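Peer 1: One structure follows; several queries about it will come next.
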Amino acid sequence: MKNVVEGHFRALVAQLLLVENLPVGEEDDKESWLEIITSLSWEAASLLKPDTSKGGGMDPGGYVKVKCIACGRRSESVAVKGVVCKKNVAHRRMTSKVDKPRFLILGGALEYQRVSNLLSSFDTLLQQEMDHLKMAVAKIESHHPNVLLVEKSVSRFAQDYLLAKDISLVLNIKRPLLERIARCTGAQIVPSIDHLTSQKLGYCDTFHVEKFLEEHGSAGQGGKKLMKTLMFFEGCPKPLGCTILLKGANWG
């Protein structure tokens, strides 16, 4: 039965490749898109166990994302158990690779809301802002996260305090991506600093940022090749998402 199902699935993939004018390739050719896509699709299916009890759907598009990288060999394409996205840490001196990381996810922004007061000097307002943000970062640090993910903007003062505490920051993350990371890592999105608890941290095996120099169809101004920066949340504990990375300098 398994062989019959696999045969039908290979035929479907071959048909879809022909529709997109992509070569099917030879049988058992590790560089053929037929072999690569068929293999990665089965692998992705084995990594996922959708949870419909909490309102999750069965549509694979909600759990599997595909990223294309125009470099390397097609056979280097992989299925990642977790999330891969086009993001980077906020500061080049922040750690961009952590084994067994702990994630804290914050909805909204990490800013100081100034209250207009004609009796306060600029220096006083600035000191109030710095004190408030220092307390906020101290509260974050007390839960020992390695990485802080924030939905919107983060004050420059807060960024400097996080850097000093060796907490990597990723900011301006769109809500759907933030929810996907939370779902896969087991984290809860905290609406504000006042709602922090250690039970809301997320985890995975490895957090890292990789840069890829794209080689095909990516020439920028002056003919320079473009660099693609991807952030990896690999080895997530929840089987609720994976990412397929398709590699290859030539798609034909």
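Peer 1: If Arg10 meets every condition in (1) among the charged types (D, E, K, R); (2) outside any loop (DSSP other than H, G, I, E, B); (3) in contact with a strand residue (DSSP E or B) (Cβ under 6 Å, 6 or more places away or on another chain) apart from one, which number is that one?
Peer 2: (3)
Peer 1: Can you name the residue in segment 8-35 that is buried (at least 16 other Cβ atoms within 10 Å of the Cβ) and among the β-branched types (Val, Ile, Thr) and, of all such residues, is farthest from Arg74 (Cα to Cα)?
Peer 2: Val13
Peer 1: OK, next. Can you confirm whether Ser41 is of a type in the set (S, T, N, Q) and in contact (Cβ under 8 Å) with a residue 24 or more places away in the chain?
Peer 2: yes
Peer 1: Let me ask another. Among the residues of segment 94-118, how many are exposed (fewer than 14 other Cβ atoms within 10 Å of the Cβ) and modelled with pLDDT of 95 or more?
Peer 2: Here the count works out to 3.
Peer 1: So if I check each of Ala164, Ala158, Ala136, which one is without any contact (Cβ under 8 Å) to a residue 60 or more places away in the chain, over 14 Å from Ser192 (Cβ atoms) and within 25 Å of the chain's Cα centre (by Cα)?
Peer 2: Unique residue meeting the criteria: Ala164.
Peer 1: Please state which of the following conditions Glu35 fails to meet, knowing it meets all the rest: (1) over 12 Å from Ile244 (Cβ atoms); (2) modelled with pLDDT under 85.
Peer 2: Status for Glu35: all satisfied but (2).
The values are calculated or read from the model by the stated rules, or taken from the named source; none is laboratory data. Everything numeric in this text was worked out from a predicted model, so none of it was measured. Cβ: placed from backbone, ideal geometry, glycine included. Neighbour counts: every protein chain shown.
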